[in-house]
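Each remark here refers to the structure printed beneath this line.
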Amino acid sequence: MYAFELTRPTSLADAIKALGEEDAQPLSGGQTLIPTLKQRLAMPSTLVSLSGIEELKGIKNEGGTLSIGAATTHAAVARDGSYPALSDLAGHIGDPHVRNRGTIGGSIANNDPSACYPAAALGSGATIVTNNREIGADDFFTGLFETALDEGEIVTAVKFPIPEKAAYVKFEQPASRFALVGVFVAKTADGVRVAVTGASEGGVFRWSEAEKALDGNFSPDAVDGLTLPADDMIGDLHGSPEYRAHLVGVITKRAVAKAG
Amino acid sequence: MPADGGIGAPMKRREDIRFLTGTGRYTDDLNRPGQAYVHFLRSNVAHGRLKSVNTEEAAKMPGVVRIFTGADFEGVGSIPCGWQVTDKHGQPMQEPAHPVLAQGKVRHVGDPIAAVVAETPDQARDAAEAIEVDIEDLPAVVDMKKAVEEGAPKVHDDLTSNLCYDWGFVEENKAAVDEAFEKAAHVTRLELKNNRLVANPMEPRVAIGDYDPAGDNSTLYTTSQNPHVIRLLMGAFVLGIPEHKLRVVAPDVGGGFGTKIFHYAEEAFCTFAAKQLKRPVKWTSSRSEAFMSDAHGRDHVTTIELALDGDNNFTALRTETFANMGAYLSTFAPSVPTWLHGTLMAGNYKTPLIYVNVKAVFTNTVPVDAYRGAGRPEATYQLERVIDKAARELGVDPIDLRRQNFVTEFPYATPVAVEYDTGDYNATMDKLSEIADLSGFEARLAESKKNGKLRGLGVNCYIEACGIAPSNLVGQLGARAGLYESATVRVNATGGLTVMTGSHSHGQGHETAFPQVIAEMIGIDPSMVEIVHGDTANTPMGMGTYGSRSLAVGGSAMVRATEKIINKAKKIAAHLLEASEGDIELKDGAFSVAGTDKSVAWGDVTLAAYVPHNYPLEEIEPGLEETAFYDPANFTYPAGAYACEVEVDPETGKVTIERFAAADDFGNVVNPMIVEGQVHGGLAQGIGQALLEGCAYDEDGQLLTGSYMDYAMPRADDVPYYDVDHSCQTPCTHNPLGVKGCGEAGAIGSPPAVVNAVVDALQRAGKDVTHIDMPLSPSRVWAAMNQ
Amino acid sequence: MTNVTMTINGRSVSGTVEGRTLLSSFIREQAGLTGTHVGCDTAQCGACTLHVNGESVKSCNMFALEADGAEVTTIEGMANDDGSLSTIQQAFQDHHGLQCGFCTPGMVMTAAALLKENPTPTEEEVRGYLSGNLCRCTGYHNIVKAIMAASGQDVSRIAAE
């Protein structure tokens, strides 16, 4: 790692102020950032730790909407249980130790194309709350490791409307255990949402064709015969674009079946 | 024999106490006063000409002690290779130089270019980044077959080509083998790859060089399986330090699996730099660095053909293998695809005619050398896959086809130059059938089908040659070292024993198992025996721990030394008991006169040896300490039969191991708990090779699997509980313990069982799949199903 | 450089660290507790697992400053007060749940976290919970068995007995 200062503000206001410094970068759970720093792929002057800010932690269920503070760990979300599909997803990110450190805000803001949380946020139609504004998930994830966040803007919470039915199924990449393909399906009052992670060169995306089919018939059969073009799919040593495109169909069906 | 601590007892391991309480001492836990830290600047290109290495600015960085480059090693020796193979024309292999730091060219990603010694690890790394390196990129060779084509870029400019050797075995038999193929009723042919693996012991390598100017003594602390071998290779061939001025210490070592056998440039560097700088120099490998600097394993591409007569008897076997050496010859690399592979191609079968051809090839990749099993897994995989394919082509039961061709009479001289002393392959197959519940397979198949899963059963046999030796034979085969072991047994005045062994323990439990042997021999409690290993300063010469040889060779040396002790102790006892030496018996820790009630305790005899007041000083010396060297008469030949049941998810191609059973014949067993643990570990590595692990390079020689994010290590939920058995025991006939070795069996025997099972599952589902190359990842299995 | 103080195995330890100093480095180099091992640099192997405020974490994937004021437990703090092996440690020895010992501290710390959360886990739950801890020696068989045994479950019928 290159040398940097690490500060631990205890209020959001102090954190925002510290992030205003040149080359300052937020540190949430650090479960992805620290390995990146070890590879010397990032060179922040200051890391602003968010782990000491109590106002960024905690889970509130407000009239069918689950509001999760950005610095809430995966383990805490997994234990919560008021949105079962989300808790199930959180309980299978990484491993137990990673879940005790990694946070929802860090995961959402990083937008790793193989991460689980972006699928939950997009699939649930969540709202990402920042220190400045609220951004709908559909507008938030803009590409590989890219989000709508501005410089110095941080995620403070994520609000999930709890759907009628939902489930997440992850098919793991054998080495990293990240999603080779992960699909989050949710049956909401406004229709079905299907969000796919791990598969696309463009990061998490909604599979609108499947959503349409499932709108009329929320059962695994509805996905039969639907295919995704392999063009934009990731191809690497763990699977060709064709394989990933195929898996999206299989895993979507399984997610629908799991949602019940 | 002691009730619970002798041979055959599942004694709990004494070394566990320190490992379970965090008080083990691994090399990285050691720090020498005033030590500096080294960071190696490594090549990020696979092949290039070093035009310049400018360290001027880097040298001014904070904390930098000194920066070394290839030029600093011009008068220093090359990292040596310990085995010379002679090719099929009688010519020695091509053997390139291997400088400690790159000179002139870089030849693989990870090849060290410069070494920065600084006050802290971070300062060393910071300065390494400031070194200006000008490299002219050269085209890389990665694919072995392309590497030996006319006009391919040469890894080493001073060699005639990238072909290290073209080995024929047994060359004189080739014509007869070819003729047998012409006459065969059936020929089965298979092309396969034995995937490149990274050993990945959980402890990364570490080296600390230390130098004492007062006595001109050098010390190297290193993560090695064989400190004496490192002392010999590094001292004599690289740095020119005589052995009496060089001490090598390998303290607790966190696993080896072969990759910690070899002498590495980093060890030589730290020893060299410590002497130059007159201060200790420490290197701790990161895991990322390990992926590009630890020797890799396997990486063979083979065509194998099996000829059968009209009655399905194996009549001949013919193979052509390309074996990757990587960019330099690692310590034992040339021996792996030849003498550790060709000699095992008979397997458990009485095939009368065998010809093995191996082309060893240089490529722009990390050097490849022995990894758990080393050559024997490659032989077993080819043979057991081609037999399985033959059975399917012929429509016969794969187990019956094997049984029909088993070697059943021993000793058996194979057509590939080895002689199996004992074995009973039908017995292990019978035992396998029982523990794997093969008769229940059909019911489990039906259950899987109900759940929408494809189930398959794979069975195979294996044989391995372990306890590598004897020295005069391996010398003829090109080994540049002997392969004996030695032990010094020191009995202390009050009866406790200290055993100094040249074998090294890095997980095998020598500290527990070796005392069991002595406890059995003398009839004392094993807690009276202490094992000392891992430090050349206080142990006799040892060739190290690999090839499942520690108990068979090192344990035998200890037995021989203990026999000498007992013989001398009997003389002392005879004197004390005023009896004839021939009448003295040793039992339960006491010497007695046969047929009388006269006896003297072990401790009284040992005390007499050191307080020789009443002692036959005119006949024997005081004291009780003996050393023995043991050079075995033959290899040992563990063998067994393995069965794997898999389920394949037809929609995703994901394979899960549902059951795995291993019936092994290891001869006599000293500690069955440790033996079972060794098999378990080997099985996980073999299953890992079959399903998960595969080291990959792109065509430019960039390493695609440079961390655990892409190199799939087996985890707890990738494997099942294993059913293992070692009750079939045909003791080795030529070592005093009758043991054969158990360290590698699991890794040798399991890959073909897994692949046979997956092919079985797919064929049962009507898929026309006869082979899939390892690792059988979901994407590969899915692609095979949908080809 | 910043001062940091934490309680490690009941003992207060202070030191001076950089922002980039990892908790694992602090524990090994400044607290002198070398039982916590580092086996990778991508937070995958779990050899460095220890407990911070009662929760298991990978100490090579956390900065020392983030543990300022925390209660840390390492493998050196796992034995009984009289120095004898704890139930989990004893189960690892009894069932040969370790070979080279390098991953062992992380395995024991993980087992302790699991059994605190789930006192009688199934085999599948144990294997799942170990997904962040690599062992290259044991093939996991005896680790899983040891943890099952430590939870008080009968392991006598498990394969290979």
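The values are calculated or read from the model by the stated rules, or taken from the named source; none is laboratory data. Because the structure is a prediction, the values reported are computed rather than measured. Glycine also receives a Cβ, built like all others from the backbone with ideal geometry; neighbour counts cover every protein chain displayed.
Looking at B:207, B:268, B:214, just one residue is at pLDDT 95 or above and assigned to a helix (DSSP H, G or I), and that residue is B:268.
Here is the figure for segment B:216-263: residues that are out of contact with any helix residue (DSSP H, G or I) (no Cβ under 8 Å at 6 or more places or on another chain) and either aromatic (Phe, Trp, Tyr) or farther than 17 Å from residue B:539 by Cα (or both) total 10. The set of residues in segment A:212-249 that are touching a residue at least 40 places away in the same chain (Cβ under 8 Å), facing another protein chain (nearest Cβ under 9 Å) and not basic (Lys, Arg) comprises A:238, A:239, A:247. Exactly one residue among B:137, B:122 is more than 29 Å from the chain's Cα centre (by Cα), without any contact (Cβ under 8 Å) to a residue 60 or more places away in the chain and farther than 21 Å from residue B:74 by Cβ, and that residue is B:122. When segment B:606-629 is examined, which residues are found to be without any contact (Cβ under 8 Å) to a residue 40 or more places away in the chain and either hydrophobic (A, V, I, L, M, F, W, C) or more than 12 Å from residue B:569 (Cβ to Cβ) (or both)? Within segment B:606-629, B:608, B:612, B:613, B:614, B:617, B:618, B:621, B:622 qualify. Looking across B:432, B:473, one residue alone is aliphatic (A, V, I, L, M) and over 21 Å from residue B:551 (Cβ atoms). It is B:432. In segment B:652-703, the qualifying residues are those that are touching a Cys at 6+ places or on another chain (Cβ under 7 Å) and among the β-branched types (Val, Ile, Thr), and the one that is nearest to the other protein chains (Cβ to nearest Cβ) is B:679. State whether one or more residues within segment B:635-657 are without any contact (Cβ under 8 Å) to a residue 60 or more places away in the chain, β-branched (Val, Ile, Thr) and within 30 Å of residue B:380 (Cβ to Cβ). Yes, the conditions are met somewhere in segment B:635-657. Would you check if residue B:42 is surrounded by 18 or more Cβ atoms within 10 Å (Cβ to Cβ), more than 11 Å from every other protein chain (Cβ to nearest Cβ) and within 28 Å of the chain's Cα centre (by Cα)? In short, yes. Where strands (runs of 3 or more DSSP E) sit wholly within segment B:599-652, those with at least 2 residues that are of a type in the set (Gly, Ala, Ser) and more than 30 Å from residue B:759 (Cβ to Cβ) occupy B:599-601.
For segment B:483-545, the strands (runs of 3 or more DSSP E) that sit wholly inside it and include 2 or more residues that are without any contact (Cβ under 8 Å) to a residue 60 or more places away in the chain are B:497-501, B:529-532. One residue stands out among those in segment B:222-238 that are surrounded by fewer than 23 Cβ atoms within 10 Å (Cβ to Cβ) and aliphatic (A, V, I, L, M): the one that is farthest from the chain's Cα centre (by Cα), which is B:236.
Of the candidates A:169, A:155, the single residue that is in contact (Cβ under 8 Å) with a residue 60 or more places away in the chain and either under 30 Å from residue B:689 (Cα atoms) or among the acidic types (Asp, Glu) (or both) is A:169. Any residue in segment C:89-98 that is within 17 Å of residue B:28 (Cβ to Cβ), within 11 Å of chain B (Cβ to nearest Cβ) and crowded, with 19+ Cβ neighbours inside 10 Å? No, because not a single residue in segment C:89-98 is within 17 Å of residue B:28 (Cβ to Cβ), within 11 Å of chain B (Cβ to nearest Cβ) and crowded, with 19+ Cβ neighbours inside 10 Å.
Looking only at segment A:1-59, residues that are part of a loop (DSSP other than H, G, I, E, B) and of a type in the set (D, E, K, R) come to 6 in all. For segment A:81-94, give me each residue that is touching a residue at least 60 places away in the same chain (Cβ under 8 Å), within 12 Å of chain C (Cβ to nearest Cβ) and surrounded by fewer than 24 Cβ atoms within 10 Å (Cβ to Cβ). A:92 - this is the single residue of segment A:81-94 that is touching a residue at least 60 places away in the same chain (Cβ under 8 Å), within 12 Å of chain C (Cβ to nearest Cβ) and surrounded by fewer than 24 Cβ atoms within 10 Å (Cβ to Cβ).
Of the residues B:619, B:626, B:647, which single one is away from chain C (no Cβ under 13 Å) and at pLDDT below 95?
B:619
Counting only helices (runs of 4 or more DSSP H) that sit wholly inside segment C:104-161, those with at least 3 residues that are within 13 Å of chain A (Cβ to nearest Cβ), under 20 Å from residue A:92 (Cβ atoms) and at pLDDT 95 or above are C:104-117, C:123-129. Only one entry in B:446, B:391 is of a type in the set (Gly, Ala, Ser), surrounded by 15 or more Cβ atoms within 10 Å (Cβ to Cβ) and assigned to a helix (DSSP H, G or I), namely B:391. In the set A:78, A:120, only one residue is over 26 Å from residue C:21 (Cβ atoms) and surrounded by 24 or more Cβ atoms within 10 Å (Cβ to Cβ); that residue is A:120.
For the structure I just gave you, tell me whether residue A:40 is within 12 Å of chain C (Cβ to nearest Cβ), buried (at least 17 other Cβ atoms within 10 Å of the Cβ), in contact (Cβ under 8 Å) with a residue 24 or more places away in the chain and basic (Lys, Arg). Before the answer, list the steps.
Numbers: within 12 Å of chain C (Cβ to nearest Cβ): yes; buried (at least 17 other Cβ atoms within 10 Å of the Cβ): no; in contact (Cβ under 8 Å) with a residue 24 or more places away in the chain: yes; basic (Lys, Arg): yes.
When the stated conditions are applied, residue A:40 does not pass them.
Of the residues B:272, B:332, the single one that is over 30 Å from residue B:212 (Cα atoms) and either within 14 Å of chain C (Cβ to nearest Cβ) or out of contact with any Ser or Thr (no Cβ under 8 Å at 6 or more places or on another chain) (or both) is B:332.
Between C:82, C:41, the distinction of being in a loop (DSSP other than H, G, I, E, B) and within 7 Å of another protein chain (Cβ to nearest Cβ) belongs to C:41 only.
Here is a list of conditions, (1) of a type outside the set (A, V, I, L, M, F, W, C); (2) at the interface with another protein chain (Cβ under 7 Å from one of its Cβ atoms); (3) in a helix (DSSP H, G or I); (4) surrounded by fewer than 23 Cβ atoms within 10 Å (Cβ to Cβ), and residue C:29 meets all of them except one; can you say which number that is? For residue C:29, the failing item is (2). Taking residues in segment B:726-740 that are more than 16 Å from residue B:548 (Cβ to Cβ), and partners anywhere that are of a type in the set (Val, Ile, Thr) and not in a loop (DSSP other than H, G, I, E, B), the pairs with Cβ atoms closer than 7 Å and at least 6 places apart or on different chains are B:728/B:428; B:736/B:559. Of the residues examined, residue B:754 is not one that is modelled with pLDDT of 95 or more, under 19 Å from residue B:639 (Cα atoms) and facing chain C (nearest Cβ under 10 Å). Residues that are within 17 Å of residue A:28 (Cα to Cα) number at least 1 in the following helices (runs of 4 or more DSSP H) confined to segment A:61-159: A:74-80, A:84-90, A:96-101, A:104-110, A:117-124.
When B:614, B:634 are checked against the criterion of being surrounded by fewer than 23 Cβ atoms within 10 Å (Cβ to Cβ), more than 11 Å from chain C (Cβ to nearest Cβ) and touching a His at 6+ places or on another chain (Cβ under 6 Å), B:634 stands alone in meeting it. Taken together, B:647, B:676 contain a single residue that is assigned by TED's automatic domain parsing to the domain that holds residue B:735 and under 29 Å from residue B:451 (Cα atoms), which is B:647.
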